[in-house]
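All remarks here apply to the structure that follows.
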Amino acid sequence: MMKNKWSIGLILVLLCASTYAQDFQGKATYQSKTQVNMDFGNRKIPEDRKKEMMERIKKANEKTFKLTFNQIESIYEEEEQLEQPSGREGGRGPRFGRMGVSDGDLYKNLKDQRYLVKNELLGKIFLIDDELEKLDWKLESDTKQIGNYTAFKATATKTIKRPNMRAIFRRPNRDGTTEKEDKKEEEFIIKEVEIVAWYTPEIPVNQGPFSYWGLPGLILAVSDDITTIVCSELTLNPTEKIEIKAPSKGKRVTQAEYDKISQEKMKEMRENFRSRRNRGDGRPQ
């Protein structure tokens, strides 16, 4: 009899917890920082100019993001900065090593295991629609305090693909060719890196910043070899119900298709950069 009462009680607790998790929603603010080692090679650039360039790159890769989430959906958006460095034009600064799939706002649907990103490229709007990457997380016993929450460590291996900035800024030879002929290999850096995440079961959602998800609790911090993202503020179950809208406008493409288009844009950037550098004395070639 006691055993039956205990079983009924356990079922009721689990049902309540499940209902609570389904209605769970919130907003989290994350600070993202990416380290960039700019290789100037043998270019003769004044030290003060190098310092200025590095400061601009550093500022462009220190960002604030907002994750709006419920049990099924989330959207990860960058908080725009009002000031632009040195008064130059430009909305979102260059991201030389940012984690994730693309630079636009990222919508994730865990039920369908798909993501959507709306990006502008070459004056066109693209809607990237693809499957979420499911990492093989290894749950560790390490814990640490992040804000008011106890976070548990998890690790995974992920293949990272990043633009190789040396391919853009590489000095050309006198005949106009680059130092290496295999340009395709130079354009992107592809390697496996360890991902370290810290999640809290106290927030019963499988969401996380950017493309990360799939842990038994909200991911409060995550890092790869050069980028660290840490939660700095949380609002849980606000009085007003949160509405999450998936992006819908733009030419629908897969991530692979968008990467190919981006690769062509990178080639164009490289050629334009070299052409401007060759015309540095102001005279036509």
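Every number in this text was worked out from the coordinates using simple rules, so none of it is lab data. Everything numeric here is computed off the predicted structure, so don't read it as measured data. Cβ atoms come from the backbone with ideal geometry, glycine included; neighbour counts cover every protein chain shown.
For residue 271 and residue 140 in the same chain, what is the full-extension length gain: residue separation times 0.36 nm, less their Cα-Cα distance, in nm? Before the final figure, lay out each step's value.
Numbers: separation 131, 0.36 × 131 = 47.16 nm, distance 4.69 nm.
Fully extending the segment from residue 271 to residue 140 adds 42.5 nm.
For region 117-147, which trypsin sites (Lys or Arg not before Pro) are in a loop by DSSP, counting at most 10 other Cβ atoms within 10 Å?
134
At a Förster radius of 30 Å, what calculated FRET efficiency corresponds to the Cβ-Cβ distance of residue 190 and residue 47, to the nearest 0.05?
Efficiency, from the Cβ-Cβ distance: 0.35.
Step through the table entries 108/267; 161/251; 59/245, compare each Cα-Cα distance with 27 Å, and write down the pairs that go over it. Intermediate results must be reported in sequence, preceding the final value.
On the way: 108/267 30 Å; 161/251 23 Å; 59/245 30 Å.
Table pairs above 27 Å Cα-Cα are 108/267; 59/245.
Mean shadow of region 220-273, computed from the convex hull of its alpha carbons, in nm²?
Values: hull surface 29.9 nm².
Hull-based average projected area comes out at 7.5 nm².
Amide H to amide H, which residues 5 or more places from residue 105 or on other chains are under 5 Å from it, using H placed in the peptide plane?
Long-range HN contacts for residue 105: 118.
Between residue 23 and residue 251, how high is the FRET efficiency from 1/(1 + (r/R0)^6) when r is the Cβ-Cβ distance and R₀ = 45 Å? Nearest 0.05.
0.80
Please compare each pair in 66/118; 118/260; 66/158; 66/265 to a cut-off of 21 Å on the Cα-Cα distance and tell me which ones are over it.
The pairs that break the limit, which is 21 Å between Cα atoms, are 66/158; 66/265.
Using 1/(1 + (r/R0)^6) with R0 = 22 angstrom and r between the beta carbons of residue 113 and residue 56, what's the FRET efficiency to the nearest 0.05?
0.05
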